[in-house]
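Single-structure report; data block below.
The values are calculated or read from the model by the stated rules, or taken from the named source; none is laboratory data. None of these values were measured; they are calculated from a predicted model. Positions of Cβ are backbone-derived with ideal geometry, glycine not excepted, and every protein chain shown enters the neighbour counts.
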Amino acid sequence: MSLVLLYLAGLGLLAGRWLLRQRLAAKPWLEAGPAVALPPAGPPARLGLAVFLAAVGLLFALLTAAYAMRVPAGTRALPDPRLVWLTTGLLVLASLALHLAGAAARHGERTALRAALLIAAAATLGFLAGQGLAWRDLLASGLASPDAAGAFFILITGLHALHLGGGLAGLGAVTARAFRAGPDPDPRLALCVLYWDVLLAIWLVLFGLLFRTPWSGLIDTLCRPA
Amino acid sequence: MALILVLIALGSVAFHLLSPWWWTPIASNWGTIDTTLVITFWITGIVFTGIVLFVAYCVYRFRHRPGQQAAYEPESRRLEGWLTAVTALGVAAMLAPGLIVWGQFVRVPADAREVEIVAQQWRWSFRLPGADGRLGAADIRHVADDNPLGLDPQDAAARDDVVIDGDDLHLPLGRPVKVLMRSLDVVHNFYVPEFRAKMDMIPGMVTYVWFTPTRTGTFEALCNEVCGVNHYAMRGRVVVDPEPAYRSWLDRQKTFAQFAGAAGPRRHVSAEP
Amino acid sequence: MADAHLGTADRLPGAIEEGELYHPRSWITRYVFSQDAKIIAIQYSSTALAIGLVALVLSWLIRLQLGFPGLVSFIGPSEYYQYITMHGMIMVVYLLTALFLGGFGNYLIPLMLGARDMVFPYVNMLSYWIYLLAVLVLVASFFVPGGPTGAGWTLYPPQAILAGTPGRDWGIVLMLVSLILFIIGFTMGGVNYVVTVLQARAPGMTLMRMPLTIWGIFTATVLALLAFPALFVGALMMLLDRLIGTSFFMPAIIEAGQRLRHGGGSPILFQHLFWFFGHPEVYIVALPAFGIVSDLISTHARKNIFGYRMMVWAIVAIGALSFVVWAHHMYVSGMNPYFGFFFATTTLIIAIPTAIKVYNWVLTLWRGDIHLTVPMLFAIGFIVTFLNGGLTGLFLGNVVVDVPLSDTMFVVAHFHMVMGVAPILVIFGGIYHWYPKVTGRMLDERLGKLHFWVTFLGAYLIFFPMHYLGLLGVPRRYFEIEGLSFVPASVSGLNAFISVVAFVVGAAQIAFLVNLVHSLRHGAPAGPNPWRATTLEWQTPETPPAHGNWGASLPVVYRWPYDYSVPGADRDFVPQNQPGLTRAGAPA
């Protein structure tokens, strides 16, 4: 649960910091006249995506809390970790490629943009395919294990893959436009970069929770009650 | 409107004072819970009556009449500060006794005797420690026709436990009991209104609650956590006896070892329609 | 910054210019698949009220059984549990949440903030259609074999998915699917509301010039975005337990003498997830009600809301605190009892900002110029019922007092008073208040007063005495209490009385529906601002507001929303978009 509370506290801090700059202590009845409100910067779509991702982040934080409450400490009976290391690498690659695509778009390098987008899409598909293989192994061995680690793997990675799949639809649209050679940069590309970064970060936390990784100790400390 | 608000305030107080529906006479040591409840009644009752009467006054006194203008009064830090402080005080006056009593509630006295209640759809069974004074191990894996509570046949401490299946639970007067609770299927709750204390029974866990019976008699126990279609019919009885009567009752009960030997043909765990 | 000139340079990132707005081309895209927040609001409200009627009928059937057990033969225990489950779930999620956020939120956020529409109109439209799908899936569960689930609205496992509970085959599956759909749909709407409030406000509309209605809806939306994921996770895990045999919530279980395949699961985990959603949910319903009632009281008492800043801070504080009180629903759930100290303390602390809100409403009435219009009657009714329900909350939040009362009729009376009756009175008040803007016509006042008095007094008569049944120990969710030795015979008389009043209150809603439909054509023309209110929605160039809300140019906001009875002003209200001097000593 502490990860959830920490996450909420983090969101609360962000919200609180923003609220503090909104002059909540002003006495509005004394201040008739024109005034300029200070909205959060950035295009609405980016803010909307950020709000959505805040909710998605909490969704996965709650899943880690559920995992920690349900699965006995130390249990990590799961598919071949080498496969999952590989898929993790692919997701990192996809995220990097998207950053490169963003840079390419800013510099107007069309060929590099197209290549980077294709690499990102391919790496993401590779990630999903790898997860699919892991699923197959797991389903073959059955889900009825009383420690529920396998069921959690399916549930957590399934939800994560669904989100990534939704992102792929957006990435597809961006890629298609890059190939139709619109001259102006696509604002949706920046959204894809943000989305992939967040889903990668979420995945790294989930990976640390589900498998034995160098950062698993940290994740366990955060998720499990003392 | 104002008149009706006054009627609501006074009517609620009158109903409170005259209502024939009040808590059941207490039969355990948790009189302190009742005291906390009464404190809460006093504080909230005063606040409720006061505010509703004040609203009634405002609605009457400041009703719209031609030419009337409302006061312009954005805020009053002093008034708001005072109200906050008084509220905080009132809240503390309810919370402090509540937490003190809760402190007693969660700390089981060392001399409390253990009793186990096992729930399943839609009936209760009970287990009391045998001559060794402690309850033996139990697990749902061991549940069988001749072992309805799943006691561990290998555990010597379990074999002398007294198993009561399909009869009332008896408790001795004036002795603290720690009630351990298990459930074989869904969430139940063992609730005797006169004891005030209650706790859910969660399958896969052992929960507990403690109290000291302070009055002899037969009390009705109900399930108080919705547990399926016959939830409302899941009832039982607890009998509080003076020590000698309790002793002789206990001596008549069968231990697990005897129970296992005497089990009849397969008995289904089924519901009364 | 305060003196910066207002030009296109200050245009907020979310502000939509008239030309950029989506323009419907046909009747279908204008009224059915509309992207106009006002139409979506009406769609949300009508759907919510329609499904609410189903829940009202269910409550009649429940009261029929409780007041007159055995009178009708078709209500058996299975049906009874199905009725209470569906009544609760519909009222809390599909009526209250949808109506406050989807209905009032969609209509009022753009209009009160001076925006042309929501920031993402297309997503907004999708949100409604997914909500409708969720409602249809829910309704479908009445017609599947075995009927809807009877697990209680809390859907506690293992019970909810075992054979001993009605609707185990189909009902629970449809319920969980419907909830998941609802959450997806709501998230789309919620993102929209948040971004619109943050980025699409009219020039000059600072946060501290937002009406409290918007503060309430905004904070509630943020809470909902953070609370619904917990229900989503819980529902999904239970669905997997039910359909593919996982054991997230299912420990080793013996059902009807048979060991089930499940093992190791944690029923309490579900309760944590459920209440992590469930408690903020109370405030998701309450905060919009708080906001709306503040505006109703201020407008109809012709007086500025007392302590506006405190009201804003209280809303934010309540919203934040509502995430650390959830386990007060679980004092007797078998969780670690030491949690009780923490959760009782946080729960009682939350009473303080709530109490401040009540004081400020009452102090707004004091020295006001109170017009007892229908919306005002409902607002005062809200204060009384909310006060009553809030105070009984202090019993249940104080851990040790909760022990004897939990899961008794006291709880039923408490939450109906505080999050049933009180918010619904606000919904009615809000509808009487804004109907003239939505339709251009007034609702009939005499019918409205009849509706108010029967609903308010009736609801009080139903739920106030019910507390005493709980005090006596009458448990909730009992199909019948026949044969309980500690229950005196007089209780059945009280139950019959409560049921009769419930039938009357339910019937009074017909007057409301008749009023809604009849006034659509025959109501008195309202004009643009019948209540002489200051907020922006009353200053639209057209009534009802046209697509795009504001004609050629957006309104500019010069003042806070509560300039009523300002000394020295020529009228007793100064609209938010009126420039110029307002009062001595405060230069514009």
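Kindly establish whether A:L209 is buried (at least 22 other Cβ atoms within 10 Å of the Cβ) and in contact (Cβ under 8 Å) with a residue 24 or more places away in the chain. In short, yes. When restricted to residues that are in contact with a Gly (Cβ under 8 Å, 6 or more places away or on another chain) and of a type outside the set (F, W, Y), the range C:328-349 contains 5. Scanning the range C:242-265 for residues that are surrounded by 23 or more Cβ atoms within 10 Å (Cβ to Cβ) and not hydrophobic (A, V, I, L, M, F, W, C) yields C:T246, C:S247, C:P251, C:H262, C:G265.
Among the numbered conditions (1) touching a Gly at 6+ places or on another chain (Cβ under 6 Å); (2) buried (at least 24 other Cβ atoms within 10 Å of the Cβ); (3) within 30 Å of C:A256 (Cα to Cα), the only one that C:S127 does not meet is (3). Checking the range C:269-289 against the condition returns a match, with at least one residue being within 11 Å of chain B (Cβ to nearest Cβ) and surrounded by 24 or more Cβ atoms within 10 Å (Cβ to Cβ).
Tallying residues that are among the basic types (K, R) and touching a Phe, Trp or Tyr at 6+ places or on another chain (Cβ under 9 Å) within the range C:24-57 yields 1.
Pairs only if they're at least six apart or on different chains, beta carbon under 6 angstrom, first in the range A:150-167 and in a helix (DSSP H, G or I), second of a type in the set (S, T, Y) and modelled with pLDDT of 95 or more; list them, first residue then second. Going by the 6 Å Cβ cut-off, the qualifying pairs are A:G167/A:Y195. Considering only the range A:45-70, state which residues are aromatic (F, W, Y) and more than 8 Å from chain C (Cβ to nearest Cβ). Correct list: A:F60, A:Y67.
Residues in the range C:135-167 that are touching a Lys or Arg at 6+ places or on another chain (Cβ under 9 Å), within 20 Å of B:Q120 (Cα to Cα) and of a type in the set (V, I, T): 1 in all. Being buried (at least 24 other Cβ atoms within 10 Å of the Cβ) and either assigned by TED's automatic domain parsing to the domain that holds B:G217 or closer than 23 Å to B:T216 by Cα (or both) is a description that does not apply to B:S125. Applying the set (1) under 18 Å from C:G216 (Cβ atoms); (2) among the polar types (S, T, N, Q); (3) at the interface with chain B (Cβ under 9 Å from one of its Cβ atoms) to C:S322 leaves exactly one unmet item: (3).
Just give me the residues in the range B:97-114 being aliphatic (A, V, I, L, M) and more than 7 Å from chain C (Cβ to nearest Cβ), in sequence order. Once the filter is applied, which keeps residues that are aliphatic (A, V, I, L, M) and more than 7 Å from chain C (Cβ to nearest Cβ), the range B:97-114 yields B:I100, B:V108, B:A110, B:A112.
This table checks each residue for (1) among the hydroxyl-bearing types (S, T, Y); (2) out of contact with any strand residue (DSSP E or B) (no Cβ under 6 Å at 6 or more places or on another chain).
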{"site": "C:V501", "(1), (2)": "no, yes"}
{"site": "C:L516", "(1), (2)": "no, yes"}
{"site": "C:G523", "(1), (2)": "no, no"}
{"site": "C:P530", "(1), (2)": "no, yes"}
{"site": "C:T540", "(1), (2)": "yes, yes"}
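When we screen B:N189, B:N230 for residues that are closer than 26 Å to B:G103 by Cβ and touching a residue at least 24 places away in the same chain (Cβ under 8 Å), the only hit is B:N189. Summed over the range C:439-482, residues that are within 20 Å of C:D402 (Cβ to Cβ) and within 22 Å of the chain's Cα centre (by Cα) total 2. One residue stands out among those in the range B:53-104 that are assigned to a helix (DSSP H, G or I) and charged (D, E, K, R): the one that is nearest to B:F41 (Cα to Cα), which is B:E80. Among the residues making up the range B:212-251, a single one is assigned to a strand (DSSP E or B) and polar (S, T, N, Q): B:T218. Could you tell me whether any residue of the range C:225-234 is on the phi > 0 side of the Ramachandran plot and either surrounded by fewer than 24 Cβ atoms within 10 Å (Cβ to Cβ) or out of contact with any Leu (no Cβ under 8 Å at 6 or more places or on another chain) (or both)? For the range C:225-234, residues on the phi > 0 side of the Ramachandran plot and either surrounded by fewer than 24 Cβ atoms within 10 Å (Cβ to Cβ) or out of contact with any Leu (no Cβ under 8 Å at 6 or more places or on another chain) (or both): absent. With respect to the conditions (1) out of contact with any Phe, Trp or Tyr (no Cβ under 9 Å at 6 or more places or on another chain); (2) within 21 Å of C:Y131 (Cβ to Cβ), C:G171 falls short on a single one, namely (1).
Scanning the range C:470-526 for residues that are away from chain B (no Cβ under 14 Å), loosely packed, with under 13 Cβ neighbours inside 10 Å and not aliphatic (A, V, I, L, M) gives C:R521, C:H522, C:P525. Do you know which residues across the range A:125-151 are touching a Leu at 6+ places or on another chain (Cβ under 7 Å) and modelled with pLDDT of 85 or more? Residues satisfying the conditions are A:G126, A:F127, A:L128, A:G130, A:L133, A:A134, A:A151. Within the range A:97-110, is there a residue that is among the aliphatic types (A, V, I, L, M) and within 15 Å of the chain's Cα centre (by Cα)? Scanning the range A:97-110, I find at least one residue that is among the aliphatic types (A, V, I, L, M) and within 15 Å of the chain's Cα centre (by Cα), so the answer is yes. Pick from C:A301, C:A289: which is farther than 29 Å from C:P229 by Cα and in contact with a helix residue (DSSP H, G or I) (Cβ under 7 Å, 6 or more places away or on another chain)? Just a single option satisfies the conditions, and that option is C:A301. Check whether at least one residue in the range C:332-339 is at the interface with chain B (Cβ under 9 Å from one of its Cβ atoms), in a helix (DSSP H, G or I) and on the phi < 0 side of the Ramachandran plot, and report yes or no. Checked the range C:332-339: no residue is at the interface with chain B (Cβ under 9 Å from one of its Cβ atoms), in a helix (DSSP H, G or I) and on the phi < 0 side of the Ramachandran plot. Put simply, of C:R309, C:R261 the only residue that is more than 24 Å from the chain's Cα centre (by Cα) and among the basic types (K, R) is C:R261. Just give me the residues in the range B:172-196 being more than 25 Å from C:L471 (Cα to Cα) and surrounded by 23 or more Cβ atoms within 10 Å (Cβ to Cβ), in sequence order. Answer for the range B:172-196, where residues must be more than 25 Å from C:L471 (Cα to Cα) and surrounded by 23 or more Cβ atoms within 10 Å (Cβ to Cβ): B:R182, B:S183, B:L184, B:D185, B:V186. For the range B:51-96, the tally of residues that are in contact (Cβ under 8 Å) with a residue 24 or more places away in the chain and more than 7 Å from chain C (Cβ to nearest Cβ) stands at 6.
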